[in-house]
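The structure appears below as C-alpha cells.
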Amino acid sequence: MSPDPGASAERTRMAWRRTGLSATAVALLAARPAFTPGAGAGTYLAAAVALGSWAALVGLAYRRARGLAAAPPRPGQRTITAYAAITVGFTIIGTVLVLL
Amino acid sequence: MFTGLVDNRPVLDRWFNPQKTPVVGEKPDYRFSLANERTFLAWIRTALALLAGGLACAQFLPPLQIAYLREGIAIALLLLGGVVALRAVDHWARTERAMRLGTDLPKSRFPAVLALVVALGAVLLVAAVVIKVFW
C-alpha cells in the first residue's frame, strides 16, 4: 500500500491552505478600516485583533500540516476546535467594526 | 447494553476531546477522520465567505435609503457566518463520535435551512432592486 492511500493527507493539507486563504481575505477586510482617514482607536484595536487572529489561524494550519505529515496522520482534535473558535471571533470583530 | 453510548459530558469538552468520548468505540480508519476534517474545513470556508460578505457590505455599499439597512445586512451576514462556524465544529465532533461508535452518522437539516435563508435573502435583494428601478 502506498504511504498515503487516496492522497487523503495531502488533500486535507491543501484544504487547510484553501481555508487559510479565505481567512486572509476576511482579515484584510477587517484591517482595512484602520487604513482609511479618520480611523479611531477602536478601529485600530479591531484591526490589530483581526491580524493577530489571522496569525493564530496560520499557526494552527502549520501545526496541523505537521500532524498530517506523520504516518499515520495524527488526529486534528483541538486544532480543529480552536480554528472554529477563532472564526467565530471574526464574527465578533466584524460586528464591532460595523457598530463603531 | 447501550450505557457506553451515552455521552453526558459538557458540549465544550466533547468539542475539544472527541477522542475521549467512546467507552466502547474504536479509532476509525484515519481516512474517514480526514474526510470529516475536510468537510469541516469546507464549512469553515463557507463561514469565512459569509463574514467577508458582511464586512464588504459595511465597507463598500453606499448608505441605503432605509436608515441602518446597510449595517443590518452586514451584521446579519456576520452572525450567519458565526452560526455556520459553530455548527461546523459541532457537526464535526458528532460525526467523529458516531464513526468511533459505529453508529449512523448525524443527520442534519442545517444545509437545507442555510440554502433557504440565502435564497430568501437573494429574492429580497432582487425585489429591492426591481422596486428601485421601476418606482
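For helix B:110-134, what angle does its Cα long axis make with the longest principal axis of chain B, in degrees from 0 to 90 and rounded to 10?
Once rounded, the angle reads 0 degrees.
Helix B:69-101 versus the longest principal axis of chain B: what is the Cα-based angle in degrees, 0 to 90, to the nearest 10?
Roughly 10 degrees, rounded to the nearest 10.
For A:16-28, what's the mean count of beta carbons from other chains sitting within 10 Å of each residue's beta carbon?
Mean shielding count: 5.
Can you run phi through the Karplus equation (6.51, -1.76, 1.60; θ = phi - 60°) for segment B:38-54 and list ³J(HN,Hα) in whole Hz, with x for Gly and Pro?
5, 4, 4, 5, 5, 5, 5, 5, 4, 4, 5, 5, 5, 4, 4, x, x
Between the alpha-carbon centers of segment B:44-101 and segment A:40-99, tell me the distance in whole angstrom.
Between the Cα centre of segment B:44-101 and that of segment A:40-99, the gap is 15 Å.
More than 15 Å apart: what percent of Cα pairs in segment B:27-106 qualify?
Across segment B:27-106, Cα pairs with separations above 15 Å total 62 percent.
Please go through segment B:46-135 and write out the trypsin sites (Lys or Arg not before Pro) that DSSP classes as loop and that have at most 14 other C-beta atoms within 10 Å.
B:K107, B:R109
Would you please put A:55-61, A:27-33 in order of how densely packed they are, using the mean number of other Cβ atoms within 10 angstrom per residue and starting with the highest?
Answer by packing, highest mean first, reads A:27-33, A:55-61.
Along the Cα→Cβ direction, 7 angstrom out, place labels at A:A41 and B:L125. What is the inter-label distance in nm?
Taking the simple label geometry, A:A41 and B:L125 are separated by 3.7 nm.
Any chance you could give the angle, 0 to 90 degrees and rounded to 10, that helix A:78-99 forms with the longest Cα principal axis of chain A?
Orientation of helix A:78-99: about 20 degrees from the principal axis.
From the C-alpha coordinates alone, can you work out the Kirkwood hydrodynamic radius of the protein assembly as shown, in Å?
Answer for the protein assembly as shown: a Kirkwood hydrodynamic radius of 19.5 Å.
For chain B, what does the equivalent ellipsoid look like in terms of its semi-axes, each the square root of 5 times an eigenvalue of the Cα gyration tensor, given largest first in whole Å?
Result for chain B: semi-axes of 41, 14, 13 Å.
Within 10 Å of each Cβ in peptide B:9-17, how many partner chain Cβ atoms are there on average? Round it to a whole number, please.
2
Per residue of B:124-131, how many C-beta atoms from partner chains lie within 10 Å of its own C-beta, taken as a mean?
Across the residues of B:124-131, the mean count of other-chain Cβ atoms within 10 Å is 0.
Only the coordinates and a few stated rules stand behind these numbers; no lab work does. No experiment lies behind these values; they were computed from the predicted model shown. Counting neighbours? That spans all protein chains shown, and the Cβs are built from the backbone with ideal geometry, glycine included.
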